Amino acid sequence: MGFKTGTLVSPPDLRELVLPWQARFSSLAHAAGRPYLLHSCGNLAAILPDLVETVGIDGKHSFEDVIQPAEAFQERWGDRLATLGGVDLNILAQGTEEAVRRRTRELIETCGPRGRFAVGSGNSIPSYVPVRNYLAMVDEALRVRA
């Protein structure tokens, strides 16, 4: 629903045309005893209160450090929403294996103790992400479980 600096469509239009549908989907999920998790790229700051209060999302996925790092999102919304992901795709795709491990540990150490957090990619895992970097992220996450 967004891009780097804002929403793709104006917030009033999203409130009128998109969010009522999201609210319906959320109600269906909740009626079935399931959480309603939102994946959306971009800067949703202008509609995030609507997503929480009106739609009733339970968690959000897709974070880019340049827009809002997962830690900052969790600090603001972590008492109400799960923070899902957070390892920026740019780090996964272009960083070294050590940079991926370091970022994954930072997220686990910062967000993990606060709760309502699952480490993972800030977005998807496209084919151009080096396998060694993806595995480094997974390995760091699994080390915490051990």
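The values are calculated or read from the model by the stated rules, or taken from the named source; none is laboratory data. Source: prediction; values computed, not measured. Positions of Cβ are generated from backbone atoms using ideal geometry, with glycine treated the same way; all protein chains shown enter the neighbour counts.
Tally up the residues in region 16-43 that are touching a helix residue (DSSP H, G or I) at 6+ places or on another chain (Cβ under 7 Å) and either aromatic (Phe, Trp, Tyr) or more than 18 Å from Arg116 (Cα to Cα) (or both), please.
Total satisfying the criteria: 5.
Does Gly56 satisfy being touching a Ser or Thr at 6+ places or on another chain (Cβ under 8 Å), surrounded by fewer than 18 Cβ atoms within 10 Å (Cβ to Cβ) and farther than 14 Å from Phe3 by Cα? Yes. Evaluation of Ala70 against the conditions (1) under 20 Å from Tyr36 (Cβ atoms); (2) at pLDDT below 95 shows that the sole unmet condition is (2). Quick check, is Cys41 in a helix (DSSP H, G or I) and surrounded by 14 or more Cβ atoms within 10 Å (Cβ to Cβ)? Spelling it out, it is not the case that Cys41 is in a helix (DSSP H, G or I) and surrounded by 14 or more Cβ atoms within 10 Å (Cβ to Cβ).
Taking the criterion of being more than 22 Å from Leu38 (Cβ to Cβ), exposed (fewer than 14 other Cβ atoms within 10 Å of the Cβ) and not charged (D, E, K, R), the residues of region 95-137 that qualify are Thr96, Pro113, Ser127, Tyr128, Val131, Leu135.
Does region 73-84 include one or more residues that are within 16 Å of the chain's Cα centre (by Cα), acidic (Asp, Glu) and crowded, with 16+ Cβ neighbours inside 10 Å? Within region 73-84 (the criterion being within 16 Å of the chain's Cα centre (by Cα), acidic (Asp, Glu) and crowded, with 16+ Cβ neighbours inside 10 Å), the answer is no, since none of the residues qualifies.
When each of Ser62, Ser26 is tested for being surrounded by 19 or more Cβ atoms within 10 Å (Cβ to Cβ) and on the phi > 0 side of the Ramachandran plot, the lone residue that passes is Ser62. You will find that of Leu107, Leu51, the residue that is under 23 Å from Thr7 (Cβ atoms) and of a type in the set (A, V, I, L, M, F, W, C) is Leu51 and no other.
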